[in-house]
Amino acid sequence: MAPLQLVEVLERALRDRAPSALCVAFSGGPDSTALLHALAHLPGARARGLRALHVDHGLHADSADWVRHCAAFCRVLDLPLTVIKVEVDDTRREGIEAAARRARYAAFAANLGAGEWLALAHHRDDQVETVLLKLLRGAGPEGLGGMRALRPFAQGSLWRPLLETPRIMLANYLIGHGLVSIDDPANADARYLRNQLRHAVLPHLRAQWPYADAAILHAARLCRAAADYLNDAATAALATLRRDAGSLDVHGWLALPDALRAPVLNTWLNTRGFNAPPDRARAEIQKQATHAAPDKNPLVRWSDTEVHLWNGGLHAMRALPAPPPMWQTAWNGRRVELPSGCGALTLAAPAGGPAPRVPFDPPLTVRLRRGGERLRPAGQAHTRAVGDLFRAARVAPWLRPRCPLIYHGDELIAVADLWQSERGQALFAAWDAQPYWHRPGAQ
């Protein structure tokens, strides 16, 4: 194939789409080298402020040389290059490849301008590999639909203009233009499943079924159409299932058809800023929602996300650290930061009143629950266990151990901004202020 065919593909892609600004994710490897070089020869791309972005993962001994190679390549093309060095954190035990991808895309998101499109060099062969990988991982229509040519990302979009272009066209372009690219040894590492597919499984498939690629991509297009339909249906269904504070009506969710339940859950979580759960976590949510006793408050956690089932709803939030039960501090009325995941405590003036007079002296004591606390709320005849007050007021279970308790000496006089004893009511009235608990950020 003639080298200029790649330029023609990209020229048509630019005519069909109209990014306001254009950036290329440039690893220095063969595919991104061909993409960047071809775009650099298109006036339409340069008119959109074409630039390159290189992420240095620091995982290979030659990564500094790769940065210099990319910089030299961009100088020849007279294109600006931004280099971002990232730390690859595999504490989630997701594998170094997935951790590197997460760090890379975080760098992309942080460095993409408003409305800017980030062009990625994924091609037809990559799409085939992706669909097969998703199949082996048990994905549904969304995963089996493969990579999208264009999707929103950060302040702009991810653009894959070469998804219908075979790898051989990019390879021929490099040869035709005498371009040198980086050879990352990781691309031949047999420990990675994608490499096993690329170098062992797919060649055998293609030898036995010459039209395997076309069949896989045809199936992917059908799955993409089905996934888009389900996503639209999920968005419509979600509008009827949202409750106050962003929770999801659990009974309505369980009543959905099987095909809609996962897309609705995923859409709800994504709109709250959380990743979709793995299959095991999703199955556990459904199991608990179906079988948990009414007086139980199950919790399902994955990664840094947790979903609580409580009060007829699903509640999503960032996983909170366990509160230290013996924590306490003196409080003179100024803002006090509670332990991590517990929020903060301040004084608030009555509506329309002057600012609270702080500090007050002697200070009060603030601590968290240790068990057995009791309070007689002002105006009530009986002393009650704090746990009973929480249950009667339907305070969320995850907030109860994080709720600040306010003491005057050894006497409990207030439970955050929820209840006060008569002594507490008198003290805060004398200060013309009321305690206010800035609750931890549940979604």
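All of A98, A107 fail the test of being over 30 Å from R48 (Cβ atoms) and in a helix (DSSP H, G or I), apart from A98. Annotation note: Cβ proximity below 9 Å between a residue of region 5-16 that is under 21 Å from G176 (Cα atoms) and a residue that is of a type in the set (F, W, Y) and buried (at least 19 other Cβ atoms within 10 Å of the Cβ) (sequence gap 6+ or interchain) occurs for Q5/Y173; L6/Y173; V7/Y173. When F274 is tested against (1) among the aromatic types (F, W, Y); (2) part of a loop (DSSP other than H, G, I, E, B); (3) in contact with a helix residue (DSSP H, G or I) (Cβ under 7 Å, 6 or more places away or on another chain), exactly one condition is not met: (3).
Within region 277-291, the only residue that satisfies the criterion of being assigned to a loop (DSSP other than H, G, I, E, B) and at pLDDT below 90 is P278.
Count of region 187-202 residues, restricted to those that are open to solvent by 40 Å² or more (accessible area, probe 1.4 Å), in a loop (DSSP other than H, G, I, E, B) and free of Cβ contacts under 8 Å to residues at least 12 places away in the same chain, is 2. Taken together, L418, L389 contain a single residue that is crowded, with 16+ Cβ neighbours inside 10 Å, in contact with a strand residue (DSSP E or B) (Cβ under 7 Å, 6 or more places away or on another chain) and either over 17 Å from P359 (Cα atoms) or among the polar types (S, T, N, Q) (or both), which is L389. Would you mind finding the one in L265, L269, L254, L241 that is over 16 Å from the mean Cα position of the chain (by Cα), surrounded by 15 or more Cβ atoms within 10 Å (Cβ to Cβ) and of a type in the set (A, V, I, L, M)? Just a single option satisfies the conditions, and that option is L241. Scanning region 88-127 for residues that are under 19 Å from D56 (Cα atoms), touching a helix residue (DSSP H, G or I) at 6+ places or on another chain (Cβ under 7 Å), touching a residue at least 12 places away in the same chain (Cβ under 8 Å) and not β-branched (V, I, T) yields a total of 4. When restricted to residues that are assigned to a helix (DSSP H, G or I) and under 20 Å from Y105 (Cα atoms), region 143-153 contains 1.
Taking first residues from region 203-216 that are small (G, A, S) and partners that are open to solvent by less than 100 Å² (accessible area, probe 1.4 Å), the Cβ contacts under 7 Å between residues at least 6 apart in sequence or on separate chains come to A212/L205; A212/R206.
Got at least one residue in region 9-19 being touching a strand residue (DSSP E or B) at 6+ places or on another chain (Cβ under 8 Å) and surrounded by fewer than 23 Cβ atoms within 10 Å (Cβ to Cβ)? Taking every residue of region 9-19 in turn, at least one turns out to be touching a strand residue (DSSP E or B) at 6+ places or on another chain (Cβ under 8 Å) and surrounded by fewer than 23 Cβ atoms within 10 Å (Cβ to Cβ).
Of the residues that sit in region 62-81 and are within 16 Å of G29 (Cα to Cα) and outside any helix (DSSP H, G or I), which one is farthest from the chain's Cα centre (by Cα)? Out of the qualifying residues, it is D62. Filter region 292-313 down to the residues that are closer than 17 Å to A276 by Cα and part of a loop (DSSP other than H, G, I, E, B), then identify the one that is most open to solvent (accessible area, probe 1.4 Å). Only one residue tops the list, namely S303. No other residue among A72, A109, A114, A103 is among the small types (G, A, S) and either crowded, with 16+ Cβ neighbours inside 10 Å or in contact with a His (Cβ under 7 Å, 6 or more places away or on another chain) (or both) apart from A103. Just one residue in the set G49, G113, G28 is touching a Ser or Thr at 6+ places or on another chain (Cβ under 8 Å) and in a loop (DSSP other than H, G, I, E, B); that residue is G28.
The values are calculated or read from the model by the stated rules, or taken from the named source; none is laboratory data. As the structure is a computational prediction, the values presented were derived from the model and not from experiment. Reconstructed Cβ throughout: ideal geometry from the backbone, glycine too, with neighbour counts over all protein chains shown. All accessible areas refer to the heavy atoms of the entire protein, side chains included, with ligands and DNA or RNA removed. Shrake-Rupley method; radii C 1.70, N 1.55, O 1.52, S 1.80 Å.
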